[in-house]
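Report on one structure; see the data block that follows.
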Amino acid sequence: QKEVEQDPGPLSVPEGAIVSLNCTYSNSAFQYFMWYRQYSRKGPELLMYTYSSGNKEDGRFTAQVDKSSKYISLFIRDSQPSDSATYLCAMIASYDKVIFGPGTSLSVIP
Amino acid sequence: EPEVTQTPSHQVTQMGQEVILRCVPISNHLYFYWYRQILGQKVEFLVSFYNNEISEKSEIFDDQFSVERPDGSNFTLKIRSTKLEDSAMYFCASSEIGGSYEQYFGPGTRLTVT
């Protein structure tokens with residue numbers, strides 16, 4: 001079983017839709033959970049991070065963590081064409097080593 | 001807004017040659033990282049660095065790789081004898097504190113080994 005799994009997509013939605021992006025993981029030692037956005041041929045850009053189970057909101061983005069199910073989600077409300085990118089979930093267990101999921105490609109169609 | 005910068009943006013080298021990839025982390029950050037992303041694959045951790053020492057490294061980071069902070073601003077990744085499979089995007093990242101979920105990434109250097 002892979003450490004972090006993520007539906008690769010591609011996911012295509014109309015502008016204004018609510019987008020749900022998900023990751024599952026197998027290592028119960030993961031403590032911090034992050035979401036990064038990556039545009040084509042660019043570096044990952046940190047969107048949000050969470051520690052505990054529950055929800056965290058930042059503008060149009062909501063991150064959700066369920067440690068008991070080893071499942072994390074990112075919701076994007078009122079999606080915009082500029083949200084079109086690859087979304088990477090990421091997690092930390094040991095001190096500095098961030099483990100990334102393979103990413104979900106999202107297209108928001110105007 | 002402060003950002004991590006990397007040079008060059010694209011490096012082409014022949015197999016067996018040495019390459020040095022350069023990064024300038026965010027100025028008040030103390031923890032530095034290298035990651036790589038082979039085309040179409042996930043971002044993979046290579047190494048973390050603090051206080052002039054490697055704090056953690058992955059199994060990918062073998063004896064062919066080394067890191068250095070040669071001065072107060074630069075952070076470098078050296079690959080001693082490049083292989084075809086080293087072709088990838090290499091990302092530098094930095095964070096203010098260790099064990100950090102708040103790592104900020106540079107734009108990457110695309111390394112092509114021919």
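Any read-out appearing in this document is the output of simple, stated calculations on the displayed coordinates, not a laboratory observation. The structure displayed is predicted, hence computed values, not measured ones. Here the Cβ is made from the backbone with ideal geometry for all residues, glycine too, and neighbour counts use every protein chain on show.
Remarks
- Tally, over the stretch A:86-106, of residues that are facing chain B (nearest Cβ under 10 Å) and either acidic (Asp, Glu) or in contact with a helix residue (DSSP H, G or I) (Cβ under 9 Å, 6 or more places away or on another chain) (or both): 1
- Verdict on A:ASP58 being within 14 Å of chain B (Cβ to nearest Cβ) and surrounded by fewer than 18 Cβ atoms within 10 Å (Cβ to Cβ): yes
- Which listed residue, of B:GLY98, B:GLY16, is part of a loop (DSSP other than H, G, I, E, B), within 24 Å of A:GLU45 (Cα to Cα) and small (Gly, Ala, Ser): B:GLY98
- Considering each residue of the stretch B:25-34 in turn, at least one proves to be touching a residue at least 60 places away in the same chain (Cβ under 8 Å), surrounded by 12 or more Cβ atoms within 10 Å (Cβ to Cβ) and touching a Gly at 6+ places or on another chain (Cβ under 7 Å).
- Test for B:VAL47: is it more than 10 Å from every other protein chain (Cβ to nearest Cβ), outside any loop (DSSP other than H, G, I, E, B) and either crowded, with 18+ Cβ neighbours inside 10 Å or free of Cβ contacts under 8 Å to residues at least 60 places away in the same chain (or both): no
- Count of the stretch B:41-88 residues, restricted to those that are in contact with a strand residue (DSSP E or B) (Cβ under 7 Å, 6 or more places away or on another chain) and either closer than 22 Å to A:GLU3 by Cα or among the polar types (S, T, N, Q) (or both), is 21.
- Of all the residues in the stretch A:1-49, those that are of a type in the set (S, T, N, Q), within 11 Å of the chain's Cα centre (by Cα) and either surrounded by fewer than 18 Cβ atoms within 10 Å (Cβ to Cβ) or away from every other protein chain (no Cβ under 11 Å) (or both) number 3.
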